[in-house]
Each structure stands twice: as structure tokens, then as C-alpha cells.
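A short write-up of the structure that comes next.
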Amino acid sequence: MKTKHTVLLLKIGIILICISVFGCRESKLDRSQILDRLEEVKTILAKKPDSAALKEEYATLLFQAGYFQEAKDILTPLVQEKDCTYKVLILMAKIEYLFGKYQSSQHYAEVILERFPSNIEAQAEAYLVLFGICFQTNQYEKSQNLFVGMEEHIKLPIWDLMKSFNGKKPNQINWAGLKETRVPFLITDPLPLVAVEIQGRTIYALIDTGGWYFILDNEIAGSMGIEAIASDDGIYAGGKKAETGHAKLDSLTIGGITISNLPIALLPIKKISKGFADGKYTIGGIIGTTFLQQFLPTIDYLSGTLILRPRSIQGEQVLQYYLENKNITEIPFFLAETHKIMVKGKLNHRDDLIFFVDSGLGSEACFAAPIQTLKYTGIPVPETGINENSFGGGGTFATGYFKIEELRLGPLTQYKLTGEYGPLTPEFYWSPYMDFIIDGLISHQFLKKYSWTIDFDKMKMIFAR
């Protein structure tokens, strides 16, 4: 007979599986309902300004709607109180994580571990924050000490991969004396394609910030003797599932520089090759956000070049030289989960939305939205049908298109565009684990009008024309 303690551990294990990178969440409120509740709580709070419970709810609702700084402002005095709930602390830890303030995020997670030793749910959530920090900061060795007392109940394939490095530092870069490297696009549409080298073999790889680390075709990996250390069922565009392996790669060379000890994912990729230059190139890889995060990168759609620089003072100097005499726009971003670049934006008349900057939507559309966002913005849900050109990690899916009058990313605005319904299922609407609304993703057809730099240290994007 299972004890209550064991049952709770099993429950936590299930939760962690669901809220891992490709996880899911149960159905929740939509943006309209959250905004309505925000107004209600604000009114009540005006009458009871000392209520910590109301302030916690108000901050939670702000966070769910994407008002992260406003939520932090409410939480800042609350976390100073010794009797604050663990949910206040975990919410603050998540906000600092989104801002890239990993040291501060770690502090709040560790406070939870210290103050709530018998609350297994609180412990699990704190460990999950620390797990994300270990991943983002390449401190895989520190992940060995996570989930103490609940290890056998936890299934996180990325964690298994991280532990397999056995103290080796991931993502080590040999610049071979270069200050930067420029890698030409072989094609720009429907997505940029570049050449990389693995074990002396040229692999053609897409650039897709919707992906996380480098993804290698599983057949190519097998031919090189690269095997998965762990696997799970990833959920991709259209809600399609595909078994995703997690593995290590000794080294990868791109533009004359070599990256050693790479975490990679394994997925059937070659099947999408026919959608690129009529199958001229066999697509064997995908360069995702975690790969780009090791650099100060520029995806220069205008010149058809991927530019990689060191994340250092020297790299910043090289970038400033590149940006001289260019018309630039800087936009702050948040980094959610393992790789999701989140930015404030506007769709038609609805402002203050949260968009995932996912450059990998290889269609005529520049934006994709789940059904909740279409309803919120008053956009009619289009009819859908299977389109062989609509591909994702799990295969083709039903899709339909809608008209967009205005689309804004930060202050960058474009008009009279095409959106796509189908790639994002209703489950996408809520960020796994982070628990905030994602209103849609903004992609290639919007981004390709710029030179796009991502500064993961300053947490800002720089668009130049």
C-alpha cells in the first residue's frame, strides 16, 4: 500500500514530466478572463491594502498576463516577510529567471528549499528552477545534486543528459584566433540554411529559434554512432508528437570555429528536405536557440549571413562596429523555459500581448496563433486543411490562414500580413511550468526584413536595417 508521502512524490513526478520542455498544462483562463479578474482584485485590494493574500493573487494574475515587471513590483516587499508563502517566492524566482537574473532566481529557490523542507511540492518547484539555471548557465555538474529524495520519481530526459556529462563543461568554443565568423546562407527561404561539419561530414542545418539546442537527424546520428542517452515524446507544430532523443556530440565546426561537448536532440529531419530548394539540400540539422545562446549572434537576413561572435567585451566591440551607421531598434526580451524568446507585441487592436519569437515557421505566414488568441482579437477562425508544405518536427498538420491588419514586435510594426492557424494548439496558450499566456509566435516572414541580433547577456534584441 502506497503511503501518502509516496503518492505525493509520484504526483510530483507526473507534474514534472508534464511541465518539462515539451510539456502540457490543463485548460485555464483566457486573457479576457484574467484581465477581468485583475480588475476585480484591484478593486478589492484598494479596500484591503494590507492583505498579503490579495497581493499574492494580484501579482500572480499580472504574471499570467505577461506583466512581469509589474508583478515583481508587487512581490518585492512580500518576499521580505518571513511568513510569505512558498508560492510568492517561486513566482519571484520565475520572474528573475525570465529576466536572466539567474543568481537572484537561485537565491529565491534556495530560500524555498530552506524554509519549506517538508513541502514536497515546494521543494520540487524550487529544484525545477535550479535545474533551469544549471541548463542556462552551462553548469551541468551542479544538476547532479537536484531533486534530493525524489530522484526515482522524476523523469526529465534533459536532466539525464546533463548528468551524463560527468563534470565535462558543455558548449566549449575554440575560436581559432577569429574575432567573429560569418556563415553564408545557402538559401534564405522558406528558412535560412547553412552548412556545418560533424565528424568530417557536411550537414545542412536550418536556423530556427523555435528549437532549443542543435538538433541532428536521427539517421545521420546513427550512421555516426551517436546514440540517445534519454528520450521523450516531443510535441511539435500542430500538436504532433515525435520521439525525441537527447544525446551528446563531441564537436561541431561552423565557419572555422569548433564547439565541443554539445548537448543535441535527435529527430527525423531529412523528410522535410523537399520543401527547401526542391530537395537540392538534404536537411540534417537545426540550429536552435540554445546553440545560438553560446554566442553574440546576428541572423542577418538582409545580407544572407549568420554572424557569430564571442559573448564577451571583445564580441560587443565587434558588434558595435557592425552596427555603425545602421538604423537600429532595441527590444528587451524574456527567456522562458529552456529556449523561448518572449517579447511584448501587438496584434491588430490588441496590445500588451506576449509573443514567442520563433523564426522557424516556414510558410507564407509571419505569425501563428492558437484559437484563444483569435477569439480574443476577434479574428474569425479559418477553415483548415492538410498542407504538405506545413511541416514540423512531428510531420504535416492541418492549417489555415487569416489576415492581419497590424502586427507589432516591440516598436517594430508591419501591416497587411498573413497569419496562420494550426501550428499552435490550444495547449500552447499556457507556457509549461512558467504559467503565463503565450498569445502567439512571430516568425520568419516578419523577421527576414531585418538584421537580427540577440544579446543574451543584456537580454535585448537589436534589429537593424
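Some observations on this one:
- Qualifying positions in region 281-331 - surrounded by fewer than 16 Cβ atoms within 10 Å (Cβ to Cβ), touching a strand residue (DSSP E or B) at 6+ places or on another chain (Cβ under 6 Å) and either part of a strand (DSSP E or B) or of a type in the set (D, E, K, R) (or both): Lys326, Ile328, Thr329, Glu330
- Some residue of region 356-363 being over 25 Å from Phe276 (Cα atoms) and either at pLDDT 95 or above or of a type outside the set (A, V, I, L, M, F, W, C) (or both): no
- Some residue of region 63-73 being hydroxyl-bearing (Ser, Thr, Tyr) and part of a helix (DSSP H, G or I): no
- Filter result (more than 22 Å from Ile264 (Cα to Cα) and of a type in the set (Phe, Trp, Tyr)) within region 338-374: Phe355, Phe367
- Residues (in contact with a Gly (Cβ under 8 Å, 6 or more places away or on another chain) and either part of a loop (DSSP other than H, G, I, E, B) or among the hydrophobic types (A, V, I, L, M, F, W, C) (or both)) located in region 350-360: Leu353, Ile354, Phe355, Phe356, Asp358, Ser359, Gly360
- Condition check for Lys179: assigned by TED's automatic domain parsing to the domain that holds Lys280 and basic (Lys, Arg): yes
- Among (1) crowded, with 16+ Cβ neighbours inside 10 Å; (2) closer than 30 Å to Phe356 by Cα, the one test that Ser104 misses: (1)
Residues are listed down the side, and each one gets a yes or a no for (1) in a helix (DSSP H, G or I); (2) aliphatic (A, V, I, L, M); (3) farther than 30 Å from Met92 by Cβ:
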position: Glu420; (1), (2), (3): no, no, yes
position: Pro423; (1), (2), (3): no, no, yes
position: Phe428; (1), (2), (3): yes, no, no
position: Leu441; (1), (2), (3): no, yes, no
position: Thr453; (1), (2), (3): no, no, no
position: Met461; (1), (2), (3): no, yes, no
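- Looking across region 90-138, the residues that are out of contact with any helix residue (DSSP H, G or I) (no Cβ under 9 Å at 6 or more places or on another chain) and part of a loop (DSSP other than H, G, I, E, B) come down to Ser118, Asn138.
- Every test in (1) at pLDDT 95 or above; (2) over 30 Å from Asn138 (Cβ atoms) is passed by Glu96 save one, and that test is (2).
- Residue within region 171-194 that is of a type outside the set (Ser, Thr, Tyr), without any contact (Cβ under 8 Å) to a residue 60 or more places away in the chain and in a strand (DSSP E or B) present: no
- For region 200-219, the set of residues classified as among the charged types (D, E, K, R) and over 23 Å from the mean Cα position of the chain (by Cα) consists of Arg201, Glu219, listed by residue number.
Residue by residue, here is whether (1) farther than 21 Å from Glu121 by Cα; (2) surrounded by fewer than 20 Cβ atoms within 10 Å (Cβ to Cβ); (3) of a type in the set (S, T, N, Q) holds:
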residue	(1), (2), (3)
Thr43	yes, yes, yes
Pro49	yes, yes, no
Ala53	no, yes, no
Val79	no, yes, no
Val88	no, no, no
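- Residue match in region 191-213 (condition: in contact with a His (Cβ under 6 Å, 6 or more places away or on another chain), over 30 Å from Ser312 (Cα atoms) and not charged (D, E, K, R)): no
- Cβ-Cβ contacts under 9 Å between residues 6 or more apart (or on different chains), taken from a first residue in region 107-125 that is not assigned by TED's automatic domain parsing to the domain that holds Leu146 to a second residue that is at pLDDT below 95, are absent.
- Among the residues making up region 241-279, those that are of a type in the set (D, E, K, R) and either touching a strand residue (DSSP E or B) at 6+ places or on another chain (Cβ under 9 Å) or at pLDDT 95 or above (or both) are Lys241, Glu243, Lys248, Asp250, Lys270, Lys271.
- Search result, residues across region 353-387 that are surrounded by fewer than 19 Cβ atoms within 10 Å (Cβ to Cβ) and either under 27 Å from Glu125 (Cβ atoms) or free of Cβ contacts under 8 Å to residues at least 40 places away in the same chain (or both): Gly378, Pro380, Pro382, Glu383, Thr384, Gly385, Ile386, Asn387
- Only listed residue being among the β-branched types (Val, Ile, Thr) and at pLDDT below 95, chosen from Thr377, Thr396: Thr396
- As for region 139-146, it holds no residue that is in a helix (DSSP H, G or I), outside the structural domain of Glu110 (by TED's automatic domain parsing), in contact (Cβ under 8 Å) with a residue 24 or more places away in the chain and within 20 Å of Asn261 (Cβ to Cβ).
The values are calculated or read from the model by the stated rules, or taken from the named source; none is laboratory data. Because the structure is a prediction, the values reported are computed rather than measured. Methodologically, a virtual Cβ is constructed for each residue, glycine included, from the backbone with ideal geometry; neighbour enumeration extends over all protein chains shown.
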